[in-house]
1. Whole-Hz ³J(HN,Hα) for each residue in the range 50-66, computed from phi via Karplus 6.51 cos²θ - 1.76 cosθ + 1.60 with θ = phi - 60°, x for glycine and proline: what do you get?
2. So, counting K/R as plus one and D/E as minus one, what does the shell of residues with Cβ under 13 Å around Gly133 add up to?
3. Quick one: which residues, 5 or more positions from Ala56 or on another chain, have an amide H under 5 Å from its amide H? H modelled 1.01 Å from N in the peptide plane, none for Pro or chain starts.
4. Calculate, in whole percent, how much of the Cα-Cα pair population of the range 89-197 lies beyond 21 Å.
5. Grab the other residues whose beta carbon is less than 13 angstrom from that of Gly177, score K and R as +1, D and E as -1, and report the net.
6. How big is the gap, in Å, between the Cα center of the range 15-30 and the Cα center of the range 114-169?
7. As a quick test, which of the pairs Lys24/Lys135; Lys35/Lys217; Lys110/Lys217; Lys110/Lys135 have an alpha carbon distance above 22 angstrom in this structure?
8. Keeping the other protein chains in place, figure out the carbon and sulfur percent of the accessible area of the range 85-194, with a 1.4 Å probe.
Amino acid sequence: MSDTATDITRAGFAAIIGAPNAGKSTLTNAMVGTKVAIVTHKVQTTRFPVRGIAHADGAQIVIVDTPGIFGAKKRLDRAMVRAAWTGAEDADAVVHLIDAAAWIAVESGKPTAAQKKSVQDDRAVIETLKKSGRKVMLALNKIDLFAHDQILPLMAQFDEAGVYSQIFMISAENGDGVDQLMSALAASMPEGGPLYPPEQSADIPMQLLAAEITREKLMLRLHEELPYHLTVQPEAWENFQNGDVKIQQAVIVGRETHKSMVLGKNGQTIKAVSKAARQELSELLGRRVHLFLFVKVDEKWQERRESYSTLGLEFDA
């Protein structure tokens, strides 16, 4: 781990791309060593590129955790996919992260619908990479979920695709193989001093990260389609002399019925979400947090330009 700016002789950007739920945010957090991206079991959790700052072998690697790449039809989905490919185009190195367990399930003929979709999305990414002519690194994730001999025929298949410079087997969840991937990324960074202070772990405004943490808690608490119809926007941030901080956020939903689901019976759901978010924010900031959530209905939030500019997404993607 590089501790000071003088230790760093290489620095650059590494984008992690892949299908929704491949484990990109889990891998980003594992490489950075702290939470910079929200993680849930639901697909399309990440909506905009999050930059985490990692260090290995004398290099500073700015990891760009991108939204999942999938067949997008809605405006928000198209903006997310555009952001992912832009992140890849602008990076010094690219890692295509694949849920290897999904591929093995498909090969065995017993995939879930989600696993089948994941492999379809991966194949589309491979085709796009072929057209671009750019070689990228491949990381086969979730290797802790199957016997390793099952992956060998697949590795030959990926090798034949002709788009990968190196193939790594990893588990973002438990850290297996992550160090080897980090070393390869470090070696591929351009020569130069650090792009960020070595003690900084992320390039994301704290107000936005705080809103994302609340959105994570909502996604974990709510089920089915609702999480994709809501967003959380920072409204106010006030620091007090005693070190406490007051945070106000708006939970924006598309319908009145969604509002009652977010609030829950007697406000139980929003209270539980607020408590979980407040606890995590207090730990993250190292001070007492007073969090106030307001639920607002805006049927057209996904069609408003300002909803996108806050997240750094292209409205016209």
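1. Values, residue by residue: 10, 9, x, 10, 10, 9, 7, 6, x, 10, 9, 10, 8, 8, 9, 7, 9 Hz.
2. Within the 13 Å Cβ shell, the charges total +2.
3. Residues meeting the criterion, in which the H sits 1.01 Å from N, are Ser2, Ile61.
4. 40 percent
5. -3
6. With the range 15-30 and the range 114-169 each reduced to a Cα centre, they are spaced 14 Å.
7. Lys110/Lys217; Lys110/Lys135
8. That fraction is 50 percent.
The values are calculated or read from the model by the stated rules, or taken from the named source; none is laboratory data. Bear in mind that the values here come from a model prediction, so they are computed numbers and not experimental data. We place every Cβ from the backbone using ideal geometry, glycine too, and count neighbours over all the protein chains shown. Areas reflect the complete protein model, heavy atoms only, side chains present, ligands, DNA and RNA absent. Shrake-Rupley method; radii C 1.70, N 1.55, O 1.52, S 1.80 Å.
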